[in-house]
Amino acid sequence: MPHTLSPLYVGPLKSFPPPRVSMAPEAGTLPARNLLDPAYLDALFTRFGARYGHGDRRAVASLWSKWHFSALAAHGLAANLLLERDLPLGLDELYLRQSPEGQTTGLVLRHAGKPLAELDPHSRFATLLDNHLTPLIEALATVTGASPKVFWSNAGNYVEYFTSVIHTHPMAAADQGEPARALLECRTLPDGRRNPLYRPVHYVTPTEPERPARVRRLCCIRYLIDELGYCANCPLECRRAGKSSKVAKAAKAAG
């Protein structure tokens with residue numbers, strides 16, 4: 001792996017396998033553009049969904065996207081924010097390593113990225129936003145019938161998470177995540193489009209020890225698979241728990 005990327009995989013990125021850099025496609029890797037093929041996605045979610053009893057296809061696709069977006073956000077944000085390099089993450093350039101079940105386990109890059117041409121919050125993340133997330137999420141929503149907002153919420157959740165922890169990286173300054181944070185705080189993009197990554201999570205003061213402080217704005221719908229239920233920072237579960245707590249307190253007061 002080129003030296004320009006090797007220092008990144010410590011601290012908050014230590015659990016991620018560094019991407020491989022190869023000009024030629026490697027055996028056993030998947031061209032990322034295949035993810036735009038409805039037939040491929042259908043087969044992928046059948047394979048990936050086997051572990052969940054072939055449950056609701058929308059929830060299966062949402063769970064798959066979480067693994068994929070986590071890897072994409074970790075590698076892309078680290079290079080962008082810490083090295084000011086734009087990795088070749090467009091679907092036409094990228095290759096993926098996958099588990100036998102179809103889970104994204106690593107990236108294979110054609111090169112180690114190029115210096116950012118512009119540093120404003122949208123332009124510096126345009127490759128990630130426009131050349132990967134936008135077309136992929138459109139394809140996922142079309143194939144599964146799930147709302148695009150579900151997948152954008154999943155992507156935004158990981159972008160926000162890595163933005164919030166990047167300052168703990170040994171190479172980072174205290175304000176290292178500010179460009180990504182500025183993108184998440186923009187309600188609209190420069191061309192007037194709604195920013196689909198706008199404020200994907202919010203932070204609250206827990207009223208009970210078991211309640212989360214970090215809550216997603218939109219549900220990932222994993223609860224549609226009965227064996228899984230709600231995730232730890234689900235807004236639906238938080239609202240349900242809040243109502244249950246109020247009922248319990250009212251009953252106690254009345255008793």
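The values are calculated or read from the model by the stated rules, or taken from the named source; none is laboratory data. Note that the structure is predicted; figures quoted are calculated from it, not measured. Ideal geometry is used to build each Cβ from the backbone, glycine not excepted, and the neighbour counts take in all protein chains shown. When the accessible area is computed, the model is the full protein with side chains, heavy atoms only, and any ligands, DNA or RNA have been set aside. Shrake-Rupley method; radii C 1.70, N 1.55, O 1.52, S 1.80 Å.
One table, with the values for the structure above:
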read-out: Stokes-Einstein translational diffusion, segment 92-206 - Kirkwood Rh over all Cα pairs, 0.890 mPa s, 25 °C, in µm²/s; value: 153 µm²/s
read-out: Summed residue charge, Cβ within 10 Å of residue 106's Cβ, Lys/Arg positive, Asp/Glu negative; value: +2
read-out: Spread of Cα-to-Cα distances over 5 Å intervals beginning at zero, given as percent, for segment 1-135; value: 2, 10, 20, 23, 20, 14, 8, 4, 1, 0
read-out: Expected 222 nm ellipticity per residue - DSSP helices of 4 or more, -39500 (n - 2.57), all of the chain, to 500; value: -12500 deg cm²/dmol
read-out: Summed side-chain charge close to residue 53 - residues other than residue 53 whose Cβ falls under 15 Å, Lys, Arg +1, Asp, Glu -1; value: +1
read-out: Spatially proximal aspartates and glutamates relative to residue 149 (Cα-Cα < 15 Å; intrachain offsets below 8 disregarded); value: 138
read-out: Integer Hz, Karplus 6.51/-1.76/1.60 couplings in order for segment 55-65, x for Gly and Pro; value: x, 3, 4, 5, 5, 4, 5, 4, 5, 4, 5
read-out: Relative contact order (%) - criterion: Cα under 8 Å, at least six apart; region: the chain; value: 20 percent
read-out: Using alpha carbons only: equivalent-ellipsoid semi-axes of the chain, gyration tensor based, whole Å; value: 32, 24, 17
read-out: Fluctuation leader among 47, 85, 194 - the chain, Gaussian network, Cα springs under 10 angstrom; value: 194
read-out: Rounded to 10°, Cα long-axis angle of helix 235-254 versus longest principal axis of the chain; value: 20 degrees
read-out: Per DSSP, loop GluC sites (Glu not before Pro) in segment 21-104 with at most 10 further Cβ within 10 Å; value: 26
read-out: Accessible area of segment 111-203 divided out per residue, in Å², using a probe of 1.4 angstrom; value: 47 Å²
read-out: Nearest 10 degrees, 0 to 90: helix 38-49 Cα axis against the chain principal axis; value: 50 degrees
read-out: Amide proton proximity set for residue 110, modelled H, under 5 Å, gap of 5+; value: 22
